[in-house]
Structure formats: C-alpha cells, structure tokens
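Please read the structure below before turning to the comments.
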Amino acid sequence: MATENVTTNDRCRVCGESALWEFLDLGLIPPANKFRAELDDEADPYPLVVVKCQNCHHVQLKHTVDRELLFSKYHYYSSNSGPLQAHFQEYAQELESSLLEHDDFVVEIGSNDGVLLREFGDSINVLGIDPAENVAAEASKYGVETITKFFSTDVANEVRRTDGKADVVLANNVVGHIDNIDELMRGISSLLAEEGHFIMEVRYLPDLLNTGAFESIYHEHISYFSVHSLKKLAEEYDMELTAVERIDIHGGSIRAYIRHKSSKNAVGSGLEFKKDYVADLIDFEVGIGLSETSPYAEFADLTERRRDRIQALLRRLEKSNKSVVGYGAPAKGNVLLNYCGISSDQVQYITDTTPMKQGTYTPGTDIPVCSPEKFVNDYPDYALLLAWNYRQAILEQEADYREEGGRFIIPAPYLDVV
Ligand code: JHZ
Ligand code: ZN
C-alpha cells in the first residue's frame, strides 16, 4: 500500500467522537476511477474500511485518500450515461416549474460536465464548480461556466463577491465525497441567499445496506447519509432539512431540500407535500435500527455472500469456456471486480460509452476497456452488467443481444441471470 496519499481518521468527521465502530473491511483496493492508459502505470491500492460513529451514528470511511489524486483528472462524465442524462433533464424541468424564477442564480457544486446546468433556460444564470479540468472543459462546450476548483469557503466568498448570493445551490452525488464537511457547510451557508434552497442528491444509506451494494463503497465516497444524519448536519449550521424524497437513481438515493432556519417560508412553495417525508423517513430509519448495529452486521454478511455467489458463477462459466465481458465500466464495477478477485481470464474485456475510459485498463484487475462496438460486433455468451443501476434501460437497449441468445449477469441487488 502507498502511504503518502492516505490519512487515517481517528475521529468522526461530523461530531469529532473517537469511538468509531469498524463494520466492514473491503481490503486494499485502488481508487475506483483510476483507469490506466498502460498496464504498467501505477494503480496503488488503499484501505477501504467503513466505520459508524458511536455517538452521532454517521457512517463514513476510516481513511481519506488525497482528493487531488482522486478528482483532478476524472474519468467519469455524467452525460455518458443516457438514463442519468434523462434524470437530470427531468430534474431541471422540475426545478424550473416548481422553484426557480426568472433571473435566478443557480450554483452547482460538483457540476461535472454540466449535465444538469446545461438544461436550464436562458432566464436562469448558472455557474458550475468542479475541480476536474478535463470534465469542466466539456461543460464549457455547452456554455456552462465552471470554476475549476474544489469548493471551499474561499470559493463561496469569491462567487458571492462577483455574482452575488445564490438562489439555489445544488450538489448531486458530491456531498458524500467531501472530507471536510464543516468547510462545505460553512461555504454553502455563506453563499446561499436568505430565502434560497440548498438541494442535494446523495445515495441513501438504507438502500445501500438493504441491497448489500458494497460496490458503492469506494474512496471517493467518504460519507454515507441517512435522513437522520442530514437533518442533524443542517441543524448544526442553522439550517433546516425541510423536505426530502426518495429517488431511484444510482440504486437508491434521496433528494434533500435544505434552507436557512431564518427563511420566512420554512419549506418553500411547491415543496409542502414533500415535507412529511422527513418525519416518515426518520421513523423508517428508527424502525430498521439505523442507529444500532444489526443492519451493518447484516450488510457485512450480505457483502460476503454476494461475493461468494459472484465468484462461484464466474468460475463455473470460466470452466465451461463461456465468453464473459463486462457491460459498463462504472467506478462501482471496479470495486466489485477487485473485491471478488476477478481477472481478465474470467471477464475478457469491458465495454463503456465513455471515450476517456476506452483503450484503458481497469485499476487493480487489468481488464481492457473497449467501445460498445466491440460488443455489438461479436456478442459474448454472457455480459456482466457492472452498470446494474441502469438495468432496465440497458436490457431494453440490448434486446437484439438477448434475442440472439446472449445473457446478462446482473450482480446486484440479487445475483440474477436473464
Ligand atoms: P455510473 C459515479 O459512479 C461516480 P459510477 C461518482 N463518484 C458517484 O458518486 C456516482 O456516480 C454516483 C457506462 N455506460 O453512472 C457509462 C455504458 O457503457 O453507474 C459509465 O462509465 N453503457 C460521481 O461510475 C458507467 O457505465 C450504458 O448503456 O458507479 C456508469 O457509471 C450506460 C447507461 C452506461 O456511475
Ligand atoms: Zn459522529
């Protein structure tokens, strides 16, 4: 293990408690988005251990890998997944019809290739913030101005000075990526207008636990949120979690609406009906014992069972000389491949729609990533659906493959062959 790019966290990132319960150790795994141009490029592994704070119950990684190493050159472009792009198109329309007003200023933290901001009409002023220059360059092609820095209180103050306070601050699949939660929340609090909304999407901890989706755990994902933990976090910064809704994206997420406590209309017009979900989901979380130990112990068991089943199936197919390729090369796919110890003898190549991933090798498992044409030109016996969160769309898109006898191995939430 390389030691220079990783630190061990002895205290909870939210409350500072030192009693942290380790409930899952996935071993040494390379950063999940570090696809390599050459096989002999380095893919140093780092520990992947998940802990729960015994005081505030916040679930988080024990270690922090240097953020420059993880995000400066980033292989993930949100727009390369059709269903995700559709999700953000719908989201932009929903925001325009429910909350946004003419001339509003919207800032997105972790704006990636502008997948969401590019969807807003001309009457909305948008600004992205994202540290990955290669990805932000793509956003600018769509006219989405992007500050290529990690979000911080300094960046928040710089934006406020130049463009004023934001009516809406958005953060999708990024709050869990940030080690210094205090810096993030202070920055948002100073950037957000008095009557503004901070709206975030994040993977929902109970969905992750219930499905045994261990592959969603990787070095980029430092924190794993519940409604309970988001509510507490908001309160610490004089803000309030006013509404929340469960959404299907990424295998089960939530969209959470947060405002300054001092806002005149606490919830915000158009959101009243979602406000009850905060109380309902907190009850649900109490019901499944989220602040106790059993859901985490069960998750650790389920993780091992899923690994054993996936390994057994792939070994069987290898013995019977079946061709197996990976479909989609998501970050979570690399955790699955590494943790299950899958080699290129078992999965010959992986197809992915992202040009930057094509022609590279997967970190830790050395499997070549190819363009989808290779798949279409020579159908394999089996396709391991690593991008299982888009199951429905991909099965529809690959109807011909299935009609010709090709089968998909769906590794999650339950191992299935269709
Ligand atoms: P996808 C990313 O995780 C990274 P990943 C990040 N850290 C995060 O937090 C989560 O999202 C939420 C390809 N594909 O979206 C495109 C096909 O090849 O599941 C992508 O490379 N064919 C920000 O990486 C990958 O699969 C297809 O038909 O786990 C999907 O990656 C489709 C639909 C996708 O996220
Ligand atoms: Zn804590």
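Since every read-out is calculated from the coordinates, none of them should be taken as a lab result. Predicted, not measured: the structure shown is a model, and the values here were computed from it. So basically every Cβ, Gly included, is an ideal-geometry build from the backbone, and we count neighbours across all protein chains shown.
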Let me know the whole percent of all Cα-Cα pairs from the range 187-228 that are separated by more than 17 Å. 48 percent
Dipole of the range 270-418 [Lys/Arg +1, Asp/Glu -1 at C-beta], most positive-end residue of Gln358, Gly328, Gly341: Gly341
Please say if the range 221-284 is rounded, prolate or oblate, where rounded means a/c under 1.5 for a ≥ b ≥ c the square roots of the C-alpha gyration tensor eigenvalues, and otherwise the choice is prolate for a/b larger than b/c and oblate otherwise? oblate
Anyone know which of Asn112, Asn33, Asn157 comes out most mobile in the 10 Å Cα GNM of the chain? Asn157
Reference-scaled alpha-carbon Rg (2.2 N^0.38 Å with N residues) for the range 107-200: 0.98
Starting from one equal scatterer on each C-alpha and no solvent at all, send me the Debye-based log10 I(q)/I(0) for the range 268-355 at q = 0.10, 0.12 Å⁻¹, two decimals. -0.50, -0.63
Just list whichever of Lys62/Lys141; Lys165/Lys275; Lys34/Lys374; Lys73/Lys232; Lys62/Lys231; Lys52/Lys274 have alpha carbons separated by over 30 Å in the model shown. Lys62/Lys141; Lys73/Lys232
Degrees, to the nearest 10: 227-236 long Cα axis against longest axis of the chain: 40 degrees
Residue farthest toward the positive end of the dipole of the range 1-118, with Cβ of Lys/Arg at +1 and Asp/Glu at -1: which of Leu95, Val49, Leu116? Val49
When only C-alpha pairs under 8 Å and at least 6 residues apart count, what is the relative contact order of the chain, in percent? 14 percent
If you take the C-alpha gyration tensor of the chain, multiply each eigenvalue by 5 and take the square root, what semi-axes do you get, largest first, in whole Å? 35, 25, 21
When the gyration tensor of the range 273-418 is built from Cα positions, what are the square roots of 5 times its three eigenvalues, in whole Å, from largest to smallest? 32, 19, 15
At a 4.7 angstrom Cβ threshold, list every cysteine in the chain that has nobody to pair with, or say none. Cys340, Cys370
